[in-house]
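Asker: Before anything else, here's the structure in question.
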Amino acid sequence: MEKLKEKFAEKALPVAVEMKQFLKEHGDKVVSEVSVAQVFGGMKGVPSMITETSKLDPDEGIRFRGYSIPELREKLPKALGGFEPLPEGIFYLMLIGDLPSENDVLDLTADWGRRAIVPKHVFNVLDALPPHSHPMTQFSIGIMALRTESIFREEYHKGMHKQDYWSATYEDAMNLIARVPRIAAYIYRRMYRADDHIEPDPKLDWAANLAHMLGFDSDEFKRLMRLYMTIHSDHEGGNVSAHTNHLVGSALSDPYLSFSAAMNGLAGPLHGLANQEVIRWIFAMQEELGTPRPTKDQINEYVNKTISEGKVIPGYGHPVLRKTDPRYSAQKEFAERYIQNDELIDTVHNIYEVVPPILKSLGKVKNPWPNVDAHSGALLINYGLTEYDFYTVLFGVSRALGCMAQLVWDRALGSPIERPGSTTLEILKKKVGAD
Ligand code: AMX
């Protein structure tokens, strides 16, 4: 068995035993009560699943196995001469629970490199789609086309013992992570670079290879991709994409089915598509105002107009967070370090000063602060990746790290099929004594 897989088994299998014992002893204890508002409000704040990879604090933001984003930017191994963490490191941390060594991430880069070959039929399937299909449609279909390679599906069909589910899931997870950058880059080059495709470079790390296959070979863009892939990878278990991945996986659908479904959730404008919507909204504002650098007063007016038209301000608000998203702050720091005098980035920072007071004044928005998507597009545009309807695919490539680490854990812990209860208005009325 390969080293990482062995390490995972050593870590996860005793946790599965511990969890069973914990359940036996404490299964009937009550951990929370559910209010009527939570039943109607998308189940927010109801603790109802186990996700070990990361935990979201409303005020502090995400912690991956206890480490905040600033801590990870310092502690995770970096590429030679690089400043940003290698996403291989965050995957290792999520999967194993400990910080990786330099060698651990080098091993992962090499392993994913070996697994990265995408079969020809996947490209044929993509080529059969109209070129104007949204990149997320193509991405989801590309992942489904890759399902022919599922080891879990094949082994299940052969009658695999349930104690081996995690092992087959691990193989699928690693193959999927290794292959999605190639699918993403293929979609990009097909749509925007006249089908002029670029082969992976086996000397490059996972994120740098993605940059290379997209056609962006500068060191700075590779740094951006390493940061981007690290910070978008996971946001605990309840967000739409991670939860979909977990839910679909709970039916023992293989990782390709689960992850493709997760990507369909990520493609919604209230979730991952917000990164394209932010840029679309800023461009529409610049066009309407006739300036690439609107003043704060002009932004104020445009924000109010957007709200009065019954639309949301993309990139602002969050179902859990109640402060500025540290993923926003990490990208702001990146911009301040590498990019000076950029009209779009300055506008993003001016929007940050204008939007929160307006959202607060509405009296109903629970979190007026920016989320990860408020900043990411402006950085990509700066480096020439201007085709903003592609942005959610980049988010999706990164999310493969978290979703796959979560799924391997799910199978190791023997997570059962998920089946929350639903109720009716009539039943609820009776329960609370309302006529
Ligand atoms: N602009 C305008 N109104 C907003 C708003 C925003 N950015 N965020 C929330 N509101 C409104 C809601 O639409 C809702 O209005 P309603 O009562 O009239 O329907 C009200 O404020 C209460 O909403 P909430 O409890 O604060 O938010 P939520 O948990 O229901 O939704 C989110 C969270 C992210 C969907 C919402 O803030 C939003 O639509 N933001 C813009 C889209 C966005 O940036 N999404 C990306 C999130 C991060 C990610 O997943 N990538």
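Asker: Output the number of the condition that ASN350 fails; it satisfies all remaining conditions of (1) exposed (fewer than 15 other Cβ atoms within 10 Å of the Cβ); (2) more than 13 Å from the ligand (Cβ to nearest atom); (3) touching a residue at least 12 places away in the same chain (Cβ under 8 Å).
Answerer: (1)
Asker: Follow-up. Condition first: among the acidic types (Asp, Glu), within 30 Å of PHE152 (Cα to Cα) and buried (at least 23 other Cβ atoms within 10 Å of the Cβ). Can you find one or more residues in the range 319-336 that meet it?
Answerer: No, every residue in the range 319-336 fails to be among the acidic types (Asp, Glu), within 30 Å of PHE152 (Cα to Cα) and buried (at least 23 other Cβ atoms within 10 Å of the Cβ).
Results for (1) of a type in the set (Lys, Arg); (2) more than 18 Å from the chain's Cα centre (by Cα); (3) buried (at least 21 other Cβ atoms within 10 Å of the Cβ); (4) within 24 Å of THR53 (Cα to Cα), shown as yes or no for each residue.
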residue	(1), (2), (3), (4)
ILE151	no, yes, no, yes
LYS158	yes, yes, no, no
LEU176	no, no, yes, yes
ILE198	no, yes, no, no
TRP206	no, no, yes, yes
ASN209	no, yes, yes, no
MET229	no, no, yes, yes
HIS235	no, no, yes, yes
ASN239	no, no, yes, yes
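Asker: What pairs can you find where one residue is in the range 228-254 and within 19 Å of TYR328 (Cα to Cα) and of a type in the set (Phe, Trp, Tyr), the other is open to solvent by less than 30 Å² (accessible area, probe 1.4 Å) and within 11 Å of the ligand (Cβ to nearest atom), and their Cβ atoms are less than 9 Å apart, with a gap of 6+ or different chains?
Answerer: Here the result reads TYR228/SER376; TYR228/PHE395, each pair linking the range 228-254 to a residue that is open to solvent by less than 30 Å² (accessible area, probe 1.4 Å) and within 11 Å of the ligand (Cβ to nearest atom).
Asker: Taking the residues in the range 305-322 that are in a loop (DSSP other than H, G, I, E, B) and among the basic types (Lys, Arg) as candidates, determine which candidate is farthest from VAL278 (Cα to Cα).
Answerer: ARG322
Asker: I'd like to verify a number: residues in the range 8-38 that are touching a residue at least 40 places away in the same chain (Cβ under 8 Å) and within 30 Å of GLY433 (Cα to Cα), how many?
Answerer: Looking only at that region, the number is 1.
Asker: Test ASP389 against the stated conditions and say whether it is open to solvent by 10 Å² or more (accessible area, probe 1.4 Å) and at pLDDT below 95.
Answerer: So ASP389 does not fit the description; no.
Asker: Another question, if that's okay. Are there helices (runs of 4 or more DSSP H) fully within the range 81-171 with at least 1 residues that are within 28 Å of ARG327 (Cβ to Cβ), in contact with a Lys or Arg (Cβ under 6 Å, 6 or more places away or on another chain) and of a type outside the set (Ser, Thr, Tyr)? List them.
Answerer: Hits in the range 81-171: 87-96.
Asker: Here is a follow-up. If you scan the range 32-58, which residues turn out to be open to solvent by 90 Å² or more (accessible area, probe 1.4 Å) and within 28 Å of the chain's Cα centre (by Cα)?
Answerer: Those that are open to solvent by 90 Å² or more (accessible area, probe 1.4 Å) and within 28 Å of the chain's Cα centre (by Cα): PHE40, MET43, LYS44, ILE50, LYS55.
Asker: Restricting the search to the range 239-274, which residues are away from the ligand (no atom under 12 Å from the Cβ), in contact with a Pro (Cβ under 9 Å, 6 or more places away or on another chain) and either under 24 Å from LEU214 (Cα atoms) or among the hydroxyl-bearing types (Ser, Thr, Tyr) (or both)?
Answerer: Once the filter is applied, which keeps residues that are away from the ligand (no atom under 12 Å from the Cβ), in contact with a Pro (Cβ under 9 Å, 6 or more places away or on another chain) and either under 24 Å from LEU214 (Cα atoms) or among the hydroxyl-bearing types (Ser, Thr, Tyr) (or both), the range 239-274 yields only SER250.
Asker: Go through the residues of the range 224-238 one by one and say whether even a single one is within 22 Å of TYR92 (Cβ to Cβ), within 16 Å of the ligand (Cβ to nearest atom), among the polar types (S, T, N, Q) and in contact with an Asp or Glu (Cβ under 9 Å, 6 or more places away or on another chain).
Answerer: Yes - at least one qualifying residue is present in the range 224-238.
Asker: If LEU86 satisfies all but one of (1) touching a residue at least 40 places away in the same chain (Cβ under 8 Å); (2) more than 25 Å from GLU52 (Cβ to Cβ), what's the number of the condition it fails?
Answerer: It fails just one condition, (2).
Asker: So, GLU288, is that one within 11 Å of the ligand (Cβ to nearest atom), assigned to a helix (DSSP H, G or I) and of a type in the set (D, E, K, R) or not?
Answerer: Considered against the rule, which asks whether it is within 11 Å of the ligand (Cβ to nearest atom), assigned to a helix (DSSP H, G or I) and of a type in the set (D, E, K, R), GLU288 comes out as no.
Asker: Say we look at the range 354-377 and pick out the residues that are in a helix (DSSP H, G or I) and open to solvent by 50 Å² or more (accessible area, probe 1.4 Å); which of these is nearest to the ligand (Cβ to nearest atom)?
Answerer: Across the range 354-377, the extreme among qualifying residues is LEU362.
Asker: For residues that are part of a loop (DSSP other than H, G, I, E, B) and of a type in the set (Val, Ile, Thr), scanning just the range 392-435, find the one that is nearest to ILE143 (Cα to Cα).
Answerer: ILE417
The values are calculated or read from the model by the stated rules, or taken from the named source; none is laboratory data. Keep in mind the model is a prediction, meaning the values are calculated, not measured. Reconstructed Cβ throughout: ideal geometry from the backbone, glycine too, with neighbour counts over all protein chains shown. The accessibility values were calculated without ligands, DNA or RNA, using every heavy atom of the protein model including side chains. Shrake-Rupley method; radii C 1.70, N 1.55, O 1.52, S 1.80 Å.
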